[in-house]
Amino acid sequence: MNLMKLINNRQSTDGVQIVLIPWWEEETGQYFLWTLCIHAYRIKVLKCLVTSVCMLLVNMYLMCCVQVVDTDSTSSCPISTAEAKPIHADISVQTETCRHLLSLEKISSDARSLQYYTGLENADAFYYVLGSLGVAAHHLNYSWGTPRDISVENQFLLTLIKLCLHSPNRELSILFCIAETVVSNIFVTWINFMYVTWSKLNIWPCKELVQFYMPHGFRRLYPTTRLIVDGVEISIKKPVKPSAQQATFSSYKNRNTLKAVVGISPGGLVSHIPDAFEGAANDKMLIERSSLTAKLDPGDSLMTDKGFQVQDIFAPVDVTVNTPTFLKKRNQFTAKSLKRDRRIASKRVHVERLIGLAKTYKILSTPLNNIETALGSCILFCCFMLCNFRRCIVPATA
């Protein structure tokens, strides 16, 4: 194929011209059209949307056929190298458009979208949660360098989206127009920052405050209840080392997990969020390492599931443990024990409902990767702390 014939052969369809610009390479003495055709193809694709689909086929044919064109007349170049410049689009316009694929400015006025991405009700709740982290959020020491071209508010938005939707880093990098490594840098830094900041808050309410916000049903049946406890397990990907596989394997879930004990007050406040342990740990060990005996006062009562046989742990500190009755060697429950168990189950169900609320953050309901597993305690703590900023799900008549 003759290069000069291609250059002089300009076809016009619907006012659109095909112009082939050669690239002269002095070292090899050849014309190259490959790079320039790619830029021309992009421009022609945009024009094909409003002119003719046939032009798209022509450009694709030129890209496939005209990669390197040999010519005999290497001494004469129709276009000098100074004039043959690649066609570049306006990068600043593309970056600005890409940067606005998702931002707080775009969804702050849409409460439904904000709740979908973050779990928070509206923009006021978003800024309230961000404000609880203090001014230190604007002066963070990032794990791998300070990210650019993304505001603090959008960094916090990215972190909440990662918790709420468990979106891949690739998807978040496209939405916020940043690199995947920057997404990982922001998430790791903010999760550690949120954990360190919120863990310094005293979320353990005093007895008078628990009594003031206690629902009527609790006040009538179990007035001394200070805490309702239940276990929570989050799945992780199977570790590589056999020792780690054995330590994290949960016989109850039949997979590798992290396990923790979460406690709420009768009014629905998440007031006890200890660190997570391996899935092979039993419930009694988690209670022993959770420092609950130091938090509870003499005369308080604790409500747990029947799997928590911890009466011997709280007996020395004069704390009553209300658990459903075990059948043991009897054939059936007595009417009195059935009535008691139903009362306990009707009150203890609120901690399970709140755990279900926390697991609306999909990062807790899908397996964590290796980096997220290392941050398991921080992620668990942040998700349950975010539940305290949401509408209480325990009614006043519970």
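The values are calculated or read from the model by the stated rules, or taken from the named source; none is laboratory data. A quick note: this is a predicted structure, and the numbers were derived from the prediction, not measured. Every residue, glycine among them, receives a Cβ derived from its backbone with ideal geometry; neighbour counts consider all protein chains shown.
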Item to complete: Kindly indicate whether ILE107 is within 21 Å of CYS378 (Cβ to Cβ), modelled with pLDDT under 95 and over 13 Å from the mean Cα position of the chain (by Cα).
Response: no
Response to the item:
Picking from ASN154, ASN192, ASN185, the residue that is touching a Gly at 6+ places or on another chain (Cβ under 9 Å), in a helix (DSSP H, G or I) and not hydrophobic (A, V, I, L, M, F, W, C) would be ASN185
Response to the item:
Of LEU130, LEU102, the only residue that is at pLDDT below 95 and not β-branched (Val, Ile, Thr) is LEU102
Practice prompt. Would you check which residues across the stretch 235-261 are at pLDDT below 95, under 27 Å from VAL394 (Cβ atoms) and among the β-branched types (Val, Ile, Thr) and list them?
Written response: VAL261
Discussion item. Go through (1) modelled with pLDDT of 90 or more; (2) over 23 Å from SER291 (Cα atoms); (3) not basic (Lys, Arg) for ASP318 and report which single condition fails.
Written reply: (2)
Item to complete: Within the stretch 155-174, track down each residue that is surrounded by fewer than 20 Cβ atoms within 10 Å (Cβ to Cβ) and either in contact (Cβ under 8 Å) with a residue 24 or more places away in the chain or more than 21 Å from TYR116 (Cβ to Cβ) (or both).
Response: LEU165, HIS166, ILE174
Worksheet item: Taking the stretch 104-154 only, how many residues are farther than 14 Å from LEU386 by Cα, of a type in the set (D, E, K, R) and either touching a residue at least 24 places away in the same chain (Cβ under 8 Å) or surrounded by 13 or more Cβ atoms within 10 Å (Cβ to Cβ) (or both)?
Response: 3
Worksheet, complete the sentence: For the stretch 308-320, the count of residues that are under 36 Å from the mean Cα position of the chain (by Cα) and either among the β-branched types (Val, Ile, Thr) or not assigned by TED's automatic domain parsing to the domain that holds SER346 (or both) equals 1
Worksheet, complete the sentence: For the stretch 226-248 the number of residues that are touching a residue at least 40 places away in the same chain (Cβ under 8 Å) and either part of a helix (DSSP H, G or I) or of a type in the set (S, T, N, Q) (or both) is 1
Item to complete: Hey, could you check the stretch 374-398 for residues that are surrounded by 14 or more Cβ atoms within 10 Å (Cβ to Cβ) and small (Gly, Ala, Ser) and say which is farthest from the chain's Cα centre (by Cα)?
Response: ALA398
Worksheet entry | Residue that is surrounded by the fewest Cβ atoms within 10 Å (Cβ to Cβ), among those in the stretch 208-218 that are touching a residue at least 40 places away in the same chain (Cβ under 8 Å) and in a helix (DSSP H, G or I) | HIS216
Worksheet entry | Restricting the stretch 285-306 to residues that are among the hydrophobic types (A, V, I, L, M, F, W, C) and closer than 21 Å to PRO223 by Cβ, the residue that is surrounded by the most Cβ atoms within 10 Å (Cβ to Cβ) | MET303
